[in-house]
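This report refers to the structure that appears directly beneath it.
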Amino acid sequence: MKNLIDLACSKVNYSPILFRRVIKCTLHLTLCFIFTLITNIDNKLGLETAFLAIIAVIVHPGRRFSATLKHAINCIFGLSTGLVWALIAREIARACLKNKHQDDDWLLTHEYHRYQAALGILYVFEFFMLMYHGWMRSVNHTYFSIVFPTFLVVHFAFSEQLKVNARELSKSYLAPFLLGISMAFF
């Protein structure tokens, strides 16, 4: 197979190493996307299964192993930073509510001022996360693999209903991220 790829690439004056990397990235992204479409896997991954395909773009196997490992470590750091930030903010926001297990529509109707205060707290935390994101990107553009997962986790965790507990939220973000990263190494 390797000789066949080398021969085909030499005829069209293309790098065989680059061609193998493109094939690995394409297969990785395709498998991650297929996993989001299979219902049994989709149910196990939680609320945000689409992150599996997004992480396949950030941490992909088309680099040298050391670069893939570096981006995987950065992505896990960004994931954990964003998850901790989001869970702290959501718990502080939920402290404003009397009925923590009701839908957002019910809270808007029956506890308007408390719900408004909870959303205000989430807004302040999102603002500081965006400031952190912008600052890190301005310091060095290679920090993208840290701050983009942080942005994704915080933004989408704040978009979830306030009744969603920390355990379900953590599972929804950890499972697709870690599966995508492990598939990049496999």
Debye intensity ratio I(q)/I(0), log10, the chain, q values 0.10, 0.13 Å⁻¹ (C-alpha model): -0.50, -0.75
Which residue fluctuates the most in the chain, going by a Gaussian network model with Cα springs under 10 Å, if the choices are P149, P176, P16? P16
Can you list the lysines whose alpha carbon is less than 24 Å from that of K171, not counting same-chain residues fewer than 8 positions off? K44, K70, K100, K163
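Of the trypsin sites (Lys or Arg not before Pro) in the stretch 51-80, which ones lie in a loop per DSSP and count no more than 16 other C-beta atoms within 10 Å? Write out the running numbers ahead of the final one.
Numbers: sites: R63, R64, K70; in loops: R63, R64.
Answer in residue order: R63, R64.
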Which of the helices in the chain, when you take each full DSSP H run, stretch at least 15 Å along the axis at their Cα atoms and have an average Kyte-Doolittle score of 0.0 or higher? 16-37, 65-94, 112-139, 144-159, 166-185
Can you classify the stretch 1-90 as rounded, prolate or oblate using the Cα gyration tensor, where a ≥ b ≥ c are the square roots of its eigenvalues, rounded means a/c under 1.5, and otherwise it's prolate if a/b beats b/c and oblate if not? oblate
One finds the C-alpha centres of the stretch 1-76 and the stretch 96-155 to be spaced, in Å, by 31 Å
Got the relative contact order for the chain handy, in percent, Cα pairs under 8 Å and 6 or more residues apart? 33 percent
In the stretch 61-104, if every C-alpha pair distance is counted and binned at 10 Å from zero, what percent goes to each bin? 24, 29, 20, 15, 11, 1
Run lengths n ≥ 4 of DSSP H only: what is the helix-derived mean residue ellipticity at 222 nm for the chain, with -39500 (n - 2.57) per run over all residues, to the nearest 500? -26500 deg cm²/dmol
Expected output is a single nm value to one decimal: the length gained when fully extending between L7 and I38, i.e. 0.36 nm times separation in residues minus the C-alpha distance. What is it? 7.5 nm
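Taken together, the values in this text are just the output of simple stated rules run on the coordinates, not laboratory data. No experiment lies behind these values; they were computed from the predicted model shown. Reconstructed Cβ throughout: ideal geometry from the backbone, glycine too, with neighbour counts over all protein chains shown.
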